[in-house]
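Below: one structure, written as structure tokens.
The values are calculated or read from the model by the stated rules, or taken from the named source; none is laboratory data. All values reported here derive from a predicted model rather than from experimental measurement. Note that we place each Cβ from the backbone using ideal geometry, even for glycine, and neighbour counts take in every protein chain shown. For the accessible areas, the whole protein counts, side chains as well, though only heavy atoms, and no ligand, DNA or RNA atoms are used. Shrake-Rupley method; radii C 1.70, N 1.55, O 1.52, S 1.80 Å.
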Amino acid sequence: MAEANPLAGISRCIRRICLLREQDNAAEAVRLEQNEFANALRDLRLAHGPEFLPESELRALFAVEENRVADAMVLSELLLPQLAKLFPSTAPFPLQARPLSTPPQGLDSAIPFPRTATPGVSPIIADLLDAMLASERTGRRTASSDKT
């Protein structure tokens, strides 16, 4: 099944590349960019024409995702100490990064939620970013449809 937004896959891939760079994992970022990203971009341009997503727009997408990842990293640095205080080490579940198999409770089930993670990327952060952005897009659609 094709995605409703043809740029969604590209944006996720760019976000993971930016996250890898932010985490000082340049080798994995290069691997992802040269393989999965290059293949996704090629497929996108084959499906929509060679002029689809020109380099200037692609650079702009990278800039947006770099900012989002940087903001998410700062937010996580601020929130993790607070969360650690709320969940002492005797908590019945470990507080470690792990792949999520289902969306966090409260997210609309219609929102696509990633089930796999890119090696080298903290799965919880990548999944959190994807879920937050998907939720944000759904909220915008709801708000705009309420106006009509």
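Within region 45-92, count every residue that is assigned to a loop (DSSP other than H, G, I, E, B) and either open to solvent by less than 100 Å² (accessible area, probe 1.4 Å) or in contact (Cβ under 8 Å) with a residue 40 or more places away in the chain (or both).
7
If I ask for residues that are within 15 Å of ARG59 (Cα to Cα) and surrounded by fewer than 17 Cβ atoms within 10 Å (Cβ to Cβ), which ones from region 12-38 would you list?
ALA38
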